[in-house]
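Presented below is the structure to which this report refers.
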């Protein structure tokens, strides 16, 4: 974790000892108030979604989400809406359209309720993953191997319409998307900008670096 202080990012602090989890851990979502952290753990045969809360000084030990979210199949990347009432995540559980599909769950009596598939407007026979749902649940960013694709995974956006269906996903295009896998785009400023991990051999500090992207 790094904090923005005095117009620059501070030195990164390793959170793993506080979270009390080891292995391959992937950060998915930090709540808008900075007090709830979602992450996934991958052991090569299964992936589950976990959550930790901030006590004011340290992060608490992670807790696995309930069985409406985690199954014996692959669940990755949970993202919680700004109001804390909606969770969107990826899963390859049976009953989907193929590969990883995007599902949505809403809180029922303080815990996550049954997961609902986002449907064929979003999900394809290929993998959909890394969803971010912003602007009160009306704007979705995600990555997909399907739709109108430049190769591998591309980043897409879709809007929730008045007919309760999602609009046809639009490809964010180059330079955000390339023929390689483009997976993780964290939107900010109501989707007008975002943060992104990119590999550029002619610049940066080595391998993949974190960039801020402005969308036209």
Practice problem: Could you order peptides 13-20, 90-97 by the average number of other Cβ atoms within 10 Å of their residues, highest first? | Solution: 90-97, 13-20
Quiz item: For the residue pair residue 116 and residue 20, what label-to-label distance in nm results when each label sits 7 Å from Cα along the Cα-to-beta-carbon direction?
Solution: 3.6 nm
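List the relative contact order of region 72-214 as a percent without decimals, with contacts defined as Cα pairs under 8 Å and 6+ residues apart.
15 percent
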Quiz item: Counting every Cα pair in region 78-208, what percent are over 20 Å apart?
Solution: 45 percent
Quiz item: Using mean Cβ contacts within 10 Å as the protection proxy, how do 177-183, 105-111, 138-144 order, highest first?
Solution: 138-144, 177-183, 105-111
Quiz item: R0 = 30 Å: FRET efficiency of residue 167 with residue 42, Cβ-based, nearest 0.05?
Solution: 0.45
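Every number in this text was worked out from the coordinates using simple rules, so none of it is lab data. Everything numeric here is computed off the predicted structure, so don't read it as measured data. Ideal geometry is used to build each Cβ from the backbone, glycine not excepted, and the neighbour counts take in all protein chains shown.
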